[in-house]
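The values are calculated or read from the model by the stated rules, or taken from the named source; none is laboratory data. Because the structure is a prediction, the values reported are computed rather than measured. Reconstructed Cβ throughout: ideal geometry from the backbone, glycine too, with neighbour counts over all protein chains shown. Just the protein is used for accessible areas: all its heavy atoms, side chains included, with ligands, DNA and RNA removed. Shrake-Rupley method; radii C 1.70, N 1.55, O 1.52, S 1.80 Å.
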Amino acid sequence: MLRSTFLEYKDYHYFKASGLLVCLAITAYFFDSHPAVGFGGTWLGYLLGILSTLIIISQVLYGMRRRIAPKVLRKTALPAAVGETHLHKADQWRHQGATLQGFLSAHVYLGIALIVLATLHTGFQFGWNLHTFAYVMVIAVILNGCYGIYAYLRFPRLMSDNMEEDNIETLLQKIADTDKQASAMSLQFSDNIYQIVQVARQETRIGGNFFQQMLGYQRNCPTTKAVRQLKKSGSNLKNDELKSFNALFSLMVHKEELVAQAWRDIMYRARLECWIYLHAPSAIASVTAVAAHIIAIFFYG
Amino acid sequence: MIRCLLIQISRNLQGQPIRKELQVSGETIQIGRAAGCKIRLLDHRVNLHHAVILFSDEARLHIESVENSDILIHGSFQSGAELIPGMHVFVGPYELIVESPTQEYELVLSVEMVRALPEDQFPVAAKRAAVSLSEAGLAKRKPTFWLSAVIVLFCLWIPIMPFLALPGWVKELQILTHEPWQLGGMMRGHYLLKAKCGLCHQKPFSAVTDQACENCHKTIARHVRERPWMQVKNAYPQIACTECHHDHRGEKGQQILEVQCVTCHAIVMVNNESARLVDVRDFGHDHPAFSLTFKTGPEATDTLRIPQKDQPRLIEKSGLKFSHKLHLKKTGVSSPEGDTIMECQDCHEEAGAGFKPVSMEKNCQLAGCHALRFKPPAAGRYLPHGSVRNVLDALNDYHLARLIGGDQAACGAGKNKAERLLDCAKHNAAENAELLFKGDRGCVECHEITVDPEQGWKVAPLMINRHWLADASFTHTKHRFAKCASCHDKALSEKSADVSIPDIVRCRECHTGSRQEKNKISSTCKDCHRYHRKDKAKLEHS
């Protein structure tokens, strides 16, 4: 049986709850007063504001829960006997996993519902002020989170399909090993071929800065270039050299595949993780902005 | 044929030699990296085909370089030399030592790598750069801290600083602004106060008080001070200025919308069934019928409101007699200038939102109509339009003057002529007055006149309504395009008691409520009603 994702948790329990909340809010908004009075200051405006704030608090609590959970788990598992510890740990994890999945499901659906609630709370009155800034921050965090949903649904599968039994370190070792073999093999050929292999060995880079990781390949990859050059060079070789050359060429093609595989893994990982580096800081920043917004509103009475 | 024993020497970790023997043979023995070489020296410092060993013409073994490759023999680079046992030949990083030949081998060569490159100088493997975002320098904690700190600084700390007890020079810093906290632009009138927030916001975390508003807006009357009907349930009986007036919301946000009025006015009856006001939600479909305001006395507050649907009671007691039917006759009204067709504007002259008061002199007597003549008439002399006293004085004067300069026979004869003339003039004046006040022409034509045994003639005071819809601010200016008769059905009215103010149904032919309707004008509360009315009359249902 396929394991259900956080989106399907408990037969879309939180999806239904959030959908109902959104429907109620929209209905109340259109049956309430003229929107232009809005500015979040009507009774419905305050209600939507309070609801939005509670949702934001729950969102932050999820973040805290997610960070704290593993630490708590480690502490509780320590005193037990070794055998029991494993059993206890497994139970804990199962329990923990289920709870966290529920939390994540609520986090996702309530977050999406927050787009509607917060927008209705604004009464569609926007300006160059803190209040609109707080709204934009909240929406930006949610949209960023939406990318996170997409990333979590897409990239883990691609990553496991790409790497199978390997990980990035074993892949790097394989590349290094292939490099050594290719270098040794290239010595028997002309300086030109030797040089091609050496350049590919020295200049091929695995990983890089943020943008390079997101892009997922090295521009003008020396290994790919080497394979292309070797293909050309191979046509000038004598028959007795061809056998050895074919071995070298297939080794370089193999290396090219390994390099591409490593880059793909780095790209998937970067695309999977990039949003969280924006999500976490901007979430806390948006909470700060919302707090400032609430203080500002009540400061003037 | 050269038969060669190749001894490959390598070193173990202790540096001791390990020998590996290999037989090679051929007409020539090539030395180099290439696959075809008999002696393959796998190092990039050795050329592909570096050297060759061959028999010379004298049947001696020689080593010769290929394509000017470098061979180091006895400390110098040479292109070739005879191979003599004990000889050391350097090919790239390899040392070849010629050893003594045996019976089986003409040539015995030991080969050892003597100038191996240090490990770190070998061409490196693929460079491992940052393979994760955290390795690439991305972090969460620091950005979280700094982003939040910037927001706290600019969105909270700086805006709140002007309210703190800070030295004057600090407060004057331009950077200390609470502009980010404002929802929108201020009301124009409040711009003058921009730097003095404390005038309105007297206490942090407290609403702006009515007192703060009234400190400046001293002459503005309240809409209503409280909601008396709400007191039944004791819920929010006080009305604050800020319930309707919101500043810092830009021009759009400052507008008082119908919904704000309806919030209270839709539930008046719900809270108090005996409330004087009626529930209203929208002019188009939920607005009570109009009530007309009738004057009942000389004071501004002497008024009576009668619902327009109570038709039998809609009688104006103005003290005048006037027939619109007579004056608006299509064939015209007889006048000294012949039959004249009159129009509404002949008497009702527009002035601002309403009309100028109709006056006897300007409107009724201008064309010679309704001239107040003496009896008997005299050319060029007319009675004044004014108080009874003035009329009687004018009559006395006229008749006395007439006796003095005319026929005095009717006054009889007697000892005192002056007394007789005065009595006679008085008598004539009284007869003339009777005709004017009691006959069928003169004052009695328009006024209701009674006679009191003690005070004499008494003309009923005029009580002409000027504001039929006292709670509304109707303007004729905006309705100029329409004909008077389209709203005021006066053409057949014979009495001034008739009231012809259009009812709400007539208004709704053109106007609708706040929601748009095709071919109708959308009208909200404020289009007709005023809020801060100092002149608000005491209105009571009778």
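Here are some notes:
- Boolean, B:Ala410 is small (Gly, Ala, Ser) and touching a residue at least 24 places away in the same chain (Cβ under 8 Å): no
- Among residues of segment A:123-138 that are more than 19 Å from B:Gly253 (Cα to Cα), none has a beta-carbon under 7 Å from a residue that is modelled with pLDDT of 90 or more and assigned to a loop (DSSP other than H, G, I, E, B) at least six positions away or on a different chain.
- Selection from segment A:175-185 of residues that are open to solvent by 40 Å² or more (accessible area, probe 1.4 Å) and facing chain B (nearest Cβ under 10 Å): A:Asp177, A:Lys180, A:Ala184, A:Met185
- Residue within segment B:390-413 that is open to solvent by 40 Å² or more (accessible area, probe 1.4 Å), part of a loop (DSSP other than H, G, I, E, B), among the basic types (Lys, Arg) and modelled with pLDDT under 90 present: no
- Taken together, B:Leu156, B:Leu138, B:Leu133 contain a single residue that is at the interface with chain A (Cβ under 8 Å from one of its Cβ atoms), modelled with pLDDT under 90 and surrounded by 18 or more Cβ atoms within 10 Å (Cβ to Cβ), which is B:Leu156.
- Within the option set B:Ser65, B:Ser25, B:Ser76, being more than 14 Å from chain A (Cβ to nearest Cβ) and out of contact with any strand residue (DSSP E or B) (no Cβ under 8 Å at 6 or more places or on another chain) holds for one residue only, B:Ser76.
- Test for A:Ile196: is it surrounded by fewer than 16 Cβ atoms within 10 Å (Cβ to Cβ), modelled with pLDDT under 95 and more than 9 Å from chain B (Cβ to nearest Cβ): no
- The criterion of being facing chain B (nearest Cβ under 10 Å) and among the basic types (Lys, Arg) holds for A:Arg269.
- Selected residue [open to solvent by less than 50 Å² (accessible area, probe 1.4 Å) and over 30 Å from B:Leu147 (Cα atoms)] from A:Ala270, A:Ala247: A:Ala247
- Checklist (1) of a type in the set (Gly, Ala, Ser); (2) within 30 Å of A:Glu203 (Cβ to Cβ); (3) assigned to a helix (DSSP H, G or I) applied to B:Ser134, failing item: (3)
- Of the numbered criteria (1) under 30 Å from B:Arg249 (Cβ atoms); (2) within 12 Å of chain B (Cβ to nearest Cβ); (3) more than 20 Å from the chain's Cα centre (by Cα), the one A:Val141 fails is (3).
- Selection from segment B:494-505 of residues that are part of a helix (DSSP H, G or I) and either within 27 Å of the chain's Cα centre (by Cα) or surrounded by 14 or more Cβ atoms within 10 Å (Cβ to Cβ) (or both): B:Ile504
- Applying the condition of being more than 7 Å from chain B (Cβ to nearest Cβ) and either in contact (Cβ under 8 Å) with a residue 24 or more places away in the chain or within 15 Å of the chain's Cα centre (by Cα) (or both) to segment A:283-301 and asking which residue is farthest from B:Trp146 (Cα to Cα) yields A:Ile297.
- When A:Ala134, A:Ala118 are screened for being out of contact with any His (no Cβ under 8 Å at 6 or more places or on another chain), of a type in the set (A, V, I, L, M) and closer than 30 Å to A:Thr42 by Cα, only A:Ala118 passes.
- Residues of segment A:237-244 include none that is facing chain B (nearest Cβ under 9 Å), surrounded by 16 or more Cβ atoms within 10 Å (Cβ to Cβ) and within 24 Å of A:Leu171 (Cα to Cα).
- Only listed residue being facing chain B (nearest Cβ under 7 Å), surrounded by fewer than 20 Cβ atoms within 10 Å (Cβ to Cβ), of a type outside the set (Ser, Thr, Tyr) and within 28 Å of B:Glu135 (Cα to Cα), chosen from A:Asn209, A:Asn167: A:Asn209
- Qualifying residue in segment B:302-321 (condition: open to solvent by less than 50 Å² (accessible area, probe 1.4 Å), of a type in the set (A, V, I, L, M) and in contact with a helix residue (DSSP H, G or I) (Cβ under 8 Å, 6 or more places away or on another chain)): yes
- For segment B:281-290, the set of residues classified as part of a strand (DSSP E or B) and either touching a His at 6+ places or on another chain (Cβ under 7 Å) or open to solvent by 20 Å² or more (accessible area, probe 1.4 Å) (or both) consists of B:Asp286 only.
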